[in-house]
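The values are calculated or read from the model by the stated rules, or taken from the named source; none is laboratory data. Because the structure is predicted, anything quoted here is derived from the model rather than measured. Please note: Cβ atoms are built from the backbone with ideal geometry, for glycine as well, and neighbour counts cover all protein chains shown.
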Amino acid sequence: MKLQTKASILSVLIFFVIYLIVWCLIYFIFDKVSILIISAITAGIATILSPREQIIQTQSGPKIQFKWLFFKKVITIK
């Protein structure tokens, strides 16, 4: 499997987990709001909170970097 494919799959999985957590929180707090509005708000929040992926070339080969909004360190995955 290519490195770009691994990075995309991991990024989508992290986005999905963040989306589910935020959706449940908003749904149980604001139970009288339409599902479409909750989904739109949750998608925006999850997009902001999900990591940004970047593939970098090093001397030892390509690596995946994830940059998060609230973390100072960059997470590197081989």
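Okay, here's what the table says:
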read-out: Test: residue in segment 11-28 that is among the small types (Gly, Ala, Ser) and surrounded by 11 or more Cβ atoms within 10 Å (Cβ to Cβ); value: yes
read-out: Complete set of residues in segment 29-54 that are touching a strand residue (DSSP E or B) at 6+ places or on another chain (Cβ under 9 Å) and loosely packed, with under 14 Cβ neighbours inside 10 Å; value: 52, 54
read-out: Single residue of 14, 18, 48, 26 found to be out of contact with any Ser or Thr (no Cβ under 7 Å at 6 or more places or on another chain) and either without any contact (Cβ under 8 Å) to a residue 60 or more places away in the chain or of a type in the set (A, V, I, L, M) (or both); value: 48
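A quick yes/no check of all residues on (1) more than 11 Å from the chain's Cα centre (by Cα); (2) modelled with pLDDT of 90 or more; (3) on the phi > 0 side of the Ramachandran plot:
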| site | (1), (2), (3) |
| --- | --- |
| 8 | no, no, no |
| 12 | no, yes, no |
| 17 | no, yes, no |
| 22 | yes, yes, no |
| 25 | yes, yes, no |
| 29 | yes, yes, no |
| 34 | yes, yes, no |
| 40 | yes, yes, no |
| 43 | no, yes, no |
